[in-house]
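Input: a single structure, listed below in structure tokens.
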Amino acid sequence: MSSDRSLRSIVDSAEDPASDFPIQNLPFGVFTRDDRDARRIGVAIGDQVLDVRGAAESGYLGGLSDPAKNALLGTSLNEFAAMGAGTRNNLRRALQNFLGLDGPLRGPAQARKFLIPQREVKLHVPFDVGDYTDFYASVHHATNVGSMFRPDKPLMPNWKHLPVGYHGRASSIVISGSPVRRPMGQTSATDEGPPTFGACRLMDYELEVGVFLGSGNALGTRIEIEKARNAIFGVVLINDWSARDIQKWEYQPLGPFNAKNFATTISPWVVTMEALEPFMLPGPARMPEDPPLLEYLKSGDDVVLDITLEVWLASEEMRQRRMSPMLVSRGSFRDMYWTFAQMIAHHTSTGCNLRTGDLLGSGTVSGPTVDSRGCLLERTWRGQQPLAMPDGSERKFLLDGDEIIFRAYCEAPGARRIGFGECRGAILAAS
Ligand code: CA
């Protein structure tokens, strides 16, 4: 099995037990070495990037069809991802041979030139993203937020019958490390108005997990739930930056708009479904009081992904004083009520076509405890329980200069730990 714990890489840094990127992971990304370069497809191994394009062109990756090799010449992952799980698995095997103890890297220096230190490359949004949809799939998040506004009945009547979502904005998806400018917007002190225009005052993050679609569906057809998982190429971390004061005034009756459209940060490395196999658990659990699902959302073998997710916060002052970021929350993606397979089946149930490179976000990942709440709105309970920061300040919502860092990893008995790297962004003042 390609996630076998005993597999080892000749790249020393990948053998560090704390590395996010052992040979069992091999997440895909798109990188450049300098600004004049065309973008290239790579995979992360330890603290290096393997130039997949270069290795394929030099004939090091055996067992690939010509169309697959051509797809690896692309400047995004779209063409390769569209070829499906079989091609992805062939490449995974070829990469594990190349990077393994008996591969060409132990020989003359020639093959070594395809390994580049990650600190020397710039990473880019790995897909041409046509569409981005964001869901609301954590029952803990939906219940917490709902109870702030509707204490008697936090969940809407539809919530346990369908994965609620909205169509987001693909043009403002940015890669980890990109600065995020605090938005201007219309806000109102009361529900009745009148509004004023100015800088957002209640700036928040949302900790989410996202999937990139490998294969899509033709307009007018559906992706049935049993086939939905197979449509996923891989998984990234998402920060769905949210302007809570803008959201509060604008969201009724059609949902979020400008509160969410100014930036969405993603982690650069796409962790494939193959790498995640050892961390899939049957689920999600349903309680006896939960309503039965309609047939099109039921699956015989649906799974939850057991991904541990962390949020870290560093103020500008903390960074200047070289203080470590503060852990704000830690939770698990296995606590979600809806799966990506259900989201895909529901999204396409009308015949809506998903396309290669589309991004689906899970919605804020919150768990049952205070320290597993995935946004500041919940974590500080609308600012009523501010966080004490190591620099002596306190936080209700994000201030200019604050940097948010998401990290994530998977651990399971008998499996090699894998990680997602980081999804990072710092807030610039409004302008
Ligand atoms: Ca969201």
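Conditions tested, residue by residue: (1) within 16 Å of the ligand (Cβ to nearest atom); (2) closer than 24 Å to S76 by Cβ; (3) part of a strand (DSSP E or B); (4) not assigned by TED's automatic domain parsing to the domain that holds P386.
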| site | (1), (2), (3), (4) |
| --- | --- |
| D301 | no, no, no, no |
| V304 | no, no, yes, no |
| L309 | yes, no, yes, no |
| L313 | no, no, yes, no |
| R319 | no, no, no, no |
| R322 | no, no, no, no |
| W338 | yes, no, no, no |
| M343 | yes, yes, no, no |
| N353 | no, yes, no, no |
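In segment 386-401, which residues are surrounded by fewer than 21 Cβ atoms within 10 Å (Cβ to Cβ) and in contact (Cβ under 8 Å) with a residue 12 or more places away in the chain?
Residues satisfying the conditions are L387, M389, P390, D391, S393, R395, K396, L399, D400, G401.
Consider only pairs whose beta carbons are under 7 Å apart and that are at least six residues apart or on different chains; among these, list those whose first residue lies in segment 39-55 and is of a type in the set (D, E) and whose second residue is assigned to a strand (DSSP E or B).
D47/P117; D51/R40; D51/G42; D51/I116
Could you list, in sequence order, all residues of segment 66-120 that are free of Cβ contacts under 8 Å to residues at least 40 places away in the same chain, small (G, A, S) and in contact with a helix residue (DSSP H, G or I) (Cβ under 7 Å, 6 or more places away or on another chain)?
Listed by number, the residues that qualify are A68, A71, G74.
Considering only segment 252-297, how many residues are touching a helix residue (DSSP H, G or I) at 6+ places or on another chain (Cβ under 7 Å) and within 16 Å of the ligand (Cβ to nearest atom)?
Result for segment 252-297: 4.
Quick check, is D128 in a loop (DSSP other than H, G, I, E, B) and of a type in the set (D, E, K, R)?
Against the criterion (in a loop (DSSP other than H, G, I, E, B) and of a type in the set (D, E, K, R)), D128 qualifies.
If a residue has to be in contact with a Lys or Arg (Cβ under 7 Å, 6 or more places away or on another chain) and free of Cβ contacts under 8 Å to residues at least 24 places away in the same chain to count, how many in segment 278-292 make the cut?
Total satisfying the criteria: 0.
When you scan segment 72-90, do you find a residue that is more than 16 Å from the ligand (Cβ to nearest atom) and of a type in the set (V, I, T), even just one?
yes
Of the conditions (1) surrounded by fewer than 19 Cβ atoms within 10 Å (Cβ to Cβ); (2) assigned to a strand (DSSP E or B), D102 fails just one. Which one is it?
Unmet for D102, out of (1) surrounded by fewer than 19 Cβ atoms within 10 Å (Cβ to Cβ); (2) assigned to a strand (DSSP E or B): (2).
Hey, could you check segment 172-190 for residues that are out of contact with any Leu (no Cβ under 9 Å at 6 or more places or on another chain) and part of a strand (DSSP E or B) and say which is nearest to D400 (Cα to Cα)?
Filtering segment 172-190 for residues that are out of contact with any Leu (no Cβ under 9 Å at 6 or more places or on another chain) and part of a strand (DSSP E or B), the one nearest to D400 (Cα to Cα) comes out as M184.
Among (1) touching a Ser or Thr at 6+ places or on another chain (Cβ under 6 Å); (2) part of a loop (DSSP other than H, G, I, E, B); (3) more than 21 Å from V235 (Cβ to Cβ), which single condition is D371 missing?
Just one mismatch for D371, condition (2).
The values are calculated or read from the model by the stated rules, or taken from the named source; none is laboratory data. The structure presented is a predicted model; accordingly, all values stated were derived computationally and were not measured. So basically every Cβ, Gly included, is an ideal-geometry build from the backbone, and we count neighbours across all protein chains shown.
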